Amino acid sequence: MKHINCKTIHIILKTVLFSSLISTSSWATGPRISESLLSPNENQMYASDFPPFATTELATGGLNSEIIDAVLKISNIAAVQTVVPLPSMVKFHLIQDKALAIYGREPNFSKAVRESLIYIPISVSTDNYIYYKPAHKTELNWEGDLKSFKGLTYGAYKGENVERLKEHGIDVKTGRVHSLLKKMVSNKVDFMKMSDLNREWMLDKYFSDNKDKFLKIKKSRIESPLFIIFNKKHSNGSLLAKKFKAGIFEIVKNGQYQNILKKYIPDNVTREQNMKKFKEYMKKHK
Amino acid sequence: MKNWAYTFILFAFLYNLPAVAASYNIVAPEDVGMSTQRLQRLDKLIESHVQEKKIAGAVVLIARKGKIAYFKETGLADINKPMKKDTIFRIVSMTKPITSTAIMLLYEEGKLLLSDPVSKYIPEFMNPKVLELNPEGSEFEYKLVPAKREITVRDLITHQSGMIYLFPANFYHERERILVAEMYKEADITDGFCRPDETIGDMVKRLARLPLYKHPGENWDYSLSIDVLGYLVEVVSGMKFDQFVQKRIFEPLKMNDSHFYIPKEKLERLAAVWKSDWKGSLNRVGSEALIDNYLSLCPSDAYALSGKYLTGGGNVLSTVYDYFRFSQMFLNNGELDGVRLLSRKTIELMTATNHIGKSDARFLHDKDWKFGLGFAIQQGRGHDVDSGDDGVFEWAGIYSTRFSIDPKEEKITIFMSQTSPFGLHFSLWDTILVLSGSAIVD
């Protein structure tokens, strides 16, 4: 009996000791230290706010984040996605921190930087020039080139290549999307380029009362690929880019990609157009 | 009509009188150990400032031992509109102690700990990064390093989060500060003195993901931390910040003229903001923004009847009398007119001087002013003050509003004008404190 008791006490003590070790953080009363601070994942991927493609406002992280998640899973790649508020922070992480990858619109990189990167298309952004109807007496029309917008003011995102606009005598004001839209309402910006999905998101969120007054400039539709851009300077960059590329083909093949796309683009015709364009980009970057 | 009916009507009439009118219980200064004659020096001081067109007008209140001993309005609230005791002011940063009080209400209910990491409630604060300069000649000017620890609630309430305000970059020019301030600008983070067309949550979630200027807990820097606290109140309480403050602070303390957005019927009572060089050039500010490099002020935003932005750092419009009631609650160790808002222990915690270690709260004051949970607290005479004592706590608003609470003398001093720029009223405020202090004769 005495022997059993000692053994039992020993087991209990071990259990108590073990449980106290694993739950230390929950007992602490001082500042908690995040686990991820102590064990950072080496494979970091960054994007800047671009709802609904990349956003902290959706639990899934947005369209691009969901696609990337699906590919990471199928390719058995461990990586962490982070959405930061500024494009300049994304550039910083890629170039200085040598992060594994960034995703979203292609930033304006120098040729030398581009050579150290691997571009893989992950989705398509359908963009249109838009304007605010009450600020203009007549409709703004796209006549095939930028000449027709001479003398107007364009709202550009920081880092957007605006050389061509300036060459055509278009004044440029830079800012975040929300502030550019506000400037359109207050007649300080005449037009800007926006992704259709992003436009819907921003107008629903911030301009629901006057959403209908933001009009697309007809025939100004431009499609452009959104990329995941791997960094060859990251120790796993080239290898994981290869695995990722195979993975994205895989999720298109098994229909996962289409299912994700359906959540963001419910309209069949638009989605099919988007998918067709995406396949073209994939072929181009094969 | 029977006697009881007359009594009932009289009672109903008295009960429904505006709270402000009924509550201006001004006593003879001598009843609370102050000198009427000495307090009259304040009349001359403010009148001379009005006559010399340094300020358009002001309201000053001195209370002692729970009673108002001096309450005087002088000059103009707006063009052709005299200043009144119930004039409504943009108290801006005097909102901060109100926000801190809201946090401490939740703290007392056990809903948060000061030691909690903010990321527990607002996940965007997880894994903060600090901007540090690279050695000169490096390819990149700065690097982002993981913060030594996460930001806690106490870091926020004591301005030790590592975040900044933009406007101090006008007079502090450290390169790291400027770089962080530029990132704030790029991310459309403002000081909130011009109310953005978004929710405070949207702003805070962006701010949380931007680099810090300093490691949390290592530096005192006046900042947007209190705006974050306002959002934290929303997250923890499940109520909109203005509704929480209305229900839990303004209503119990009968601060009937304190609002985040002004009710239409009170628009008439809102004072105008005046731009003054304190040399005789005094001009009413219209709808234009006052912009000075990193500082942006939009006084006309206060005329908005509603809006999305609810900032814990500077949203509230209030009166001198309402702020007296708020201040008296602190002097009474958390209670006013039989309503207990906070416990004595919490007031002691809020007014303790050991929250920021060896740092000084160098903003309104120089050395020897510490920071409690919501205000600066005097702890020594390193700063060139002419009055006051250890334990005096105070804060200010950017349109030249001030309050000071002296627990030892049980004295409250409140001055409100609506004058810009902020920095030029300091000597007037110091003189008000000298005069209110030297009027104590018991």
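What follows is calculated from the coordinates using simple rules that are stated; it is not laboratory data. In this text the structure is predicted, and so the values were computed from the model without any measurement. Cβ coordinates were reconstructed from backbone atoms using ideal geometry, including for glycine residues, and neighbour counts include every protein chain displayed.
Which order do peptides B:82-91, B:125-134, B:342-351 fall in by mean Cβ count within 10 Å, highest first? Intermediate values should be presented prior to the final figure.
Values: B:82-91: 21.9, B:125-134: 18.8, B:342-351: 17.1.
Descending packing order for the listed peptides: B:82-91, B:125-134, B:342-351.
Of the DSSP H helices in chain A, those that are both long (alpha-carbon extent of 20 Å or more along the helix axis) and hydrophobic (Kyte-Doolittle mean at least 0.0) are A:2-22, A:237-253. If R0 is 25 Å, the Cβ-Cβ spacing of B:Ser300 and B:Arg175 corresponds to a FRET efficiency of close to 0.15.
With a/c under 1.5 counting as rounded, go ahead and sort region B:349-442 into rounded, prolate or oblate using the C-alpha gyration tensor (a ≥ b ≥ c being the square roots of the eigenvalues; past the cut-off, prolate if a/b is larger than b/c, else oblate).
Verdict is oblate for region B:349-442.
Computed from Cα atoms, the angle from the helix B:36-51 axis to the main principal axis of chain B rounds to 60 degrees.
Quick check: from the Cα gyration tensor, does region B:57-144 come out rounded (a/c under 1.5), prolate or oblate?
oblate
Cα axis of helix B:426-438 to longest principal axis of chain B: angle in degrees, 0 to 90, nearest 10? Its long axis makes an angle of about 50 degrees. Using Cα-only point scatterers and the Debye equation, what is log10 of I(q)/I(0) for chain B at each q in 0.06, 0.08, 0.14 Å⁻¹, rounded to two decimals? Once normalised to I(0) and log-transformed, intensities are -0.25, -0.44, -1.38. Please say if region B:270-387 is rounded, prolate or oblate, where rounded means a/c under 1.5 for a ≥ b ≥ c the square roots of the C-alpha gyration tensor eigenvalues, and otherwise the choice is prolate for a/b larger than b/c and oblate otherwise? Oblate, because a/c is 1.5 or more while a/b does not exceed b/c. Taking Cα atoms only, the orientation of helix B:175-186 departs from the longest principal axis of chain B by about 80 degrees.
Taken over chain A, the alpha-carbon convex hull comes to 209 cubic angstrom per residue.
Pairs exceeding a 26 Å alpha-carbon distance, out of A:Lys205/B:Lys143; B:Lys67/B:Lys264; A:Lys147/A:Lys276; A:Lys193/A:Lys276: A:Lys205/B:Lys143; B:Lys67/B:Lys264; A:Lys147/A:Lys276. Could you work out the pair-distance distribution P(r) of the protein assembly as shown from its alpha-carbon pairs, with 20 angstrom bin width and percents rounded to whole numbers? All Cα pairs, binned at 20 Å, distribute as 15, 42, 30, 12, 1 percent. Working from Cα pairs under 8 Å separated by at least six residues, relative contact order for region B:241-361 is 27 percent. Among B:Thr36, B:Thr401, B:Thr190, the largest mean-square fluctuation in a Gaussian network model of chain B (Cα springs under 10 Å) belongs to B:Thr36. The local environment of B:Ile412, defined by Cβ-Cβ distances under 12 Å, has a net charge of +2 under the rule Lys, Arg +1 and Asp, Glu -1.
A simple spin-label model places the labels of A:Asp267 and B:Val27 7.3 nm from each other, with each point 7 Å out along Cα-to-Cβ. Listed by chain and number, the aspartates and glutamates whose C-alpha is less than 20 Å from the C-alpha of B:Lys247, apart from same-chain residues fewer than 8 away, are B:Glu108, B:Glu109, B:Asp227, B:Glu234, B:Asp257, B:Asp322, B:Glu335, B:Asp337. Tell me the relative contact order for chain B as a rounded percent, counting alpha carbon contacts under 8 Å between residues six or more apart. Contact order relative to length: 22 percent. In plain terms, the C-alpha convex hull of region A:140-238 casts an average shadow of 8.2 nm² when viewed from every direction.
The residues packed around A:Gly237, meaning those with a beta-carbon under 15 Å from its beta-carbon, carry a net charge of +4 if Lys and Arg are +1 and Asp and Glu are -1. Multiplying the residue separation of B:Asp292 and B:Lys308 by 0.36 nm and removing their Cα-Cα distance gives an extension gain of 3.2 nm. So which of A:Lys73/B:Lys205; A:Lys98/B:Lys358; A:Lys233/B:Lys120 end up more than 30 Å apart by C-alpha? Pairs exceeding 30 Å: A:Lys98/B:Lys358; A:Lys233/B:Lys120.
For the listed peptides A:116-128, A:175-187, a ranking on the average number of other beta carbons within 10 Å per residue, highest first, reads A:116-128, A:175-187. Put a dot 7 Å past the Cα of A:Asp204, heading toward its Cβ, do the same for B:Asp277, and the two dots end up 5.4 nm apart.
Across peptide A:82-92, the average count of Cβ atoms from other chains found within 10 Å of a residue's Cβ is 5. Hey, with R₀ at 25 Å, roughly what FRET efficiency would A:Asp212 and A:Met275 work out to, going by the Cβ-Cβ distance, to 0.05? Step by step, r from the Cβ atoms, then E = 0.30.
Here the contact order of region A:85-188, divided by its residue count and restricted to Cα pairs under 8 Å and six or more residues apart, works out to 23 percent.
What number, rounded to the nearest 500 deg cm²/dmol, is the helix-based mean residue ellipticity at 222 nm of chain B, given -39500 (n - 2.57) per DSSP H run of at least four residues and division by all its residues?
The per-residue figure over chain B is -8000 deg cm²/dmol.
A crude spin-label estimate for the pair B:Lys345 and A:Glu167, with each label 7 Å from Cα along the Cβ direction, gives 7.2 nm. Distance from the Cα centroid of region B:332-361 to that of region B:295-312 is 29 Å (rounded to whole angstrom).
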